[in-house]
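In what follows, a single structure is set out as structure tokens and then discussed.
The values are calculated or read from the model by the stated rules, or taken from the named source; none is laboratory data. For clarity, every value in this text was computed on a predicted model and none was experimentally measured. Glycine also receives a Cβ, built like all others from the backbone with ideal geometry; neighbour counts cover every protein chain displayed.
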Amino acid sequence: MGYSRKLQIIGISVFLLCEIGCIADEANRYYLKEKLPPKNVKDVEVLREKPQRPYTVMADFQAKNGSFLFFVIPVTSERMQKMAAEIGADAVIIVPTGGLYSWNEVRAGGESHSNSYSGLVGTAIKYKTE
């Protein structure tokens, strides 16, 4: 095998390792002292704002969209719902973060990119029983 062929293989390997490292960016923090049993994913509510019922915050999840080569791998609300189910949460409050931006659209609420996001923050909650 020639020298240039070895350099090509090394270069491609380094590129792929760098790209694989960009697939996921997650951070999770659990706040309760005790562990709860997991729940069925279908039993975990997905909320876009805090509920009116009293609740306790169990954990916070953060995840950014990943990438592999030239493909974007979006983080989804279903992923957050699954993470909340794994720790026994009743619901997860999801807030999108980041996204696309246009310099000529700086007013709130009317942006053409308002549905884009580059990550999600989820807060897993347990409803208080009275």
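Is it the case that some residue within the range 93-115 is outside any loop (DSSP other than H, G, I, E, B), at pLDDT 90 or above, surrounded by 13 or more Cβ atoms within 10 Å (Cβ to Cβ) and of a type outside the set (S, T, Y)? Among the residues of the range 93-115, at least one is outside any loop (DSSP other than H, G, I, E, B), at pLDDT 90 or above, surrounded by 13 or more Cβ atoms within 10 Å (Cβ to Cβ) and of a type outside the set (S, T, Y), which makes the answer yes. A single entry from A63, A27, A59 fulfils the requirement of being on the phi < 0 side of the Ramachandran plot, in a strand (DSSP E or B), of a type outside the set (V, I, T) and modelled with pLDDT of 90 or more: A59. Among the residues of the range 30-46, those that are surrounded by 14 or more Cβ atoms within 10 Å (Cβ to Cβ) and either at pLDDT below 90 or assigned to a strand (DSSP E or B) (or both) comprise E45, V46. The set of residues from the range 116-130 being at pLDDT 90 or above and either more than 18 Å from P51 (Cβ to Cβ) or assigned to a loop (DSSP other than H, G, I, E, B) (or both) comprises just one member, K128.
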